[in-house]
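Before I ask anything, let me first share the structure, which is written out below as structure tokens.
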């Protein structure tokens with residue numbers, strides 16, 4: 001009996017090491033060096049530790065695989081990046097036929113008054129002037145006009161400010177932004193509108209809350225469903241209401257867009273391939289931005305949050321070297337590849353046929369490993385997805401029956417049977433390992449510790465004739481379970 005329990009303990013310990021090392025390998029693969037300041041310096045950018053982003057993430061825009069992450073789930077104030085959700089709902093209304101790009105919104109005296117509030121970002125709106133939706137979208141995305149945002153929200157919600165914010169929150173949950181909550185449509189606290197914008201049912205003093213992960217999910221869905229947003233964000237300078245007395249010119253705050261102005265030190269941050277999406281800054285949230293970049297056929301999305309401090313307004317420049325460095329690293333380490341062309345292949349001992357190529361973003365010089373599951377051919381060594389609503393790299397397959405193979409099978413059935421049994425055991429244990437690696441580190445480590453603690457307590461009962469050994473084993477068991485509980489609520493590893 002003692003030997004059995006010792007074997008169980010040894011097996012459990014080895015499985016823990018195996019799973020833990022696998023998780024560490026995955027983390028290293030995703031995070032690379034894990035230090036965004038060092039990454040920036042490695043690529044030649046001059047950055048200061050004091051401006052280190054509080055949170056960041058990079059995902060591919062095809063499958064939502066995480067290519068880099070650094071504290072992606074820390075709650076942050078997105079400030080004007082909140083406007084992306086408002087624009088998402090406007091595009092949704094356009095695609096549903098509720099409004100069109102040419103729908104006219106006539107500015108009210110209240111709209112004009114809000115436009116004159118200079119404590120929040122705005123542009124000149126004149127009462128009685130007819131503004132097409134497309135112009136208001138440009139004003140929202142480029143100069144980050146709060147009044148243009150509110151005018152669009154009022155349009156698609158029939159002037160129900162609170163109802164529109166509820167739609168924002170509902171959409172966030174629908175697409176998997178599980179750590180986000182909106183209190184207003186624009187990112188500026190409602191109290192800043194001097195009583196002229198008050199979403200009913202929401203705290204006028206409260207900021208919006210989200211995470212880098214959630215913003216990458218929003219950007220992913222935006223580009224999948226409404227890629228036309230890039231027509232509004234790709235240019236470094238824009239003109240609104242062109243040819244009218246209300247014409248205005250703006251330059252993007254996304255200084256990673258090629259063609260933007262230099263900063264006061266003469267540095268240029270334009271990055272080839274960047275064509276969106278949105279910046280945001282506030283006293284509580286510091287400086288943030290969401291960018292998307294396309295090189296060749298590979299498009300990625302990155303989110304940088306919490307750069308610098310509001311007291312130093314040059315933070316609007318400091319954020320871009322960090323983002324550009326992550327783009328450098330991403331395109332250095334990953335590429336969009338045809339992993340398996342359409343046609344017949346032998347995968348894991350089976351002859352299969354795929355009608356469409358298996359294509360996706362993978363680490364350069366990596367060897368793909370495959371699994372066949374529910375008529376889907378997919379990568380088994382794929383990168384983690386940003387959330388469970390993403391589709392992994394996969395394609396439909398069908399088995400190929402070969403008559404010649406059938407005759408060969410008759411002469412070597414026993415060998416094949418032994419081999420298939422061996423493979424089935426390997427597949428079984430591999431599936432178990434894959435399932436274990438899908439469990440979040442915190443939960444997995446706590447589970448392993450609890451099981452280890454229980455086994456130690458059982459061993460202490462067996463050793464009851466050797467009181468000292470029994471006591472030590474029992475104390476170790478209790479301590480292990482206590483650590484598991486602590487780790488579950490306050491992760492230690």
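At 7 Å along the Cα-to-beta-carbon direction for both residue 73 and residue 314, put a label point, then send me their distance in nm to one decimal.
3.7
Still on this model: Which ordering of 393, 94 is given by a fewest-first count of other beta-carbon atoms within 10 Å? Write out the running numbers ahead of the final one.
Working: 393 22, 94 19.
In order of increasing Cβ crowding within 10 Å: 94, 393.
What ranking do 459, 277 get, fewest neighbouring Cβ atoms within 10 angstrom at the top? Write out the running numbers ahead of the final one.
Values: 459 21, 277 27.
The most exposed by this proxy come first: 459, 277.
Which three semi-axes in whole Å describe the equivalent ellipsoid of segment 168-269, each the square root of 5 times a Cα gyration tensor eigenvalue, listed largest first?
After scaling each eigenvalue by five and taking roots: 29, 21, 16 Å.
If each residue of separation counts as 0.36 nm, what is the full-extension length gain between residue 353 and residue 373 once their alpha-carbon separation is subtracted?
Details: separation 20, 0.36 × 20 = 7.20 nm, distance 1.41 nm.
Roughly 5.8 nm would be gained on extension.
A follow-up question, please. On each of the three principal axes of the Cα atoms of segment 115-220, give max minus min coordinate, whole Å, ordered largest first.
The Cα atoms of segment 115-220 stretch 40, 27, 26 Å along the principal axes, largest first.
Given labels modelled 7 Å from the Cα in the Cβ direction, how far is it in nm from residue 158 to residue 104?
2.2
Quick one: in segment 42-334, what % of C-alpha pairs are over 27 Å apart? Kindly include the intermediate steps, with their values, before the conclusion.
On the way: 15188 of 42778 pairs.
The proportion of pairs with Cα distances above 27 Å equals 36 percent.
Neighbouring Cβ atoms within 10 Å as the yardstick, rank 220, 43 fewest first. Please list the in-between numbers first.
On the way: 220 24, 43 15.
Starting with the residue having the fewest Cβ neighbours, the order is 43, 220.
Residues of segment 80-118 with amide nitrogen under 20 Å from the 7 Å Cα-to-Cβ point of residue 228?
From segment 80-118, the list is 83-106.
Every number here is computed from the coordinates shown, using simple stated rules; none is lab data. None of the values given here were measured: they were computed from a predicted structure. Here Cβ is always computed from backbone atoms with ideal geometry, including for glycine, and neighbour counts include all displayed protein chains.
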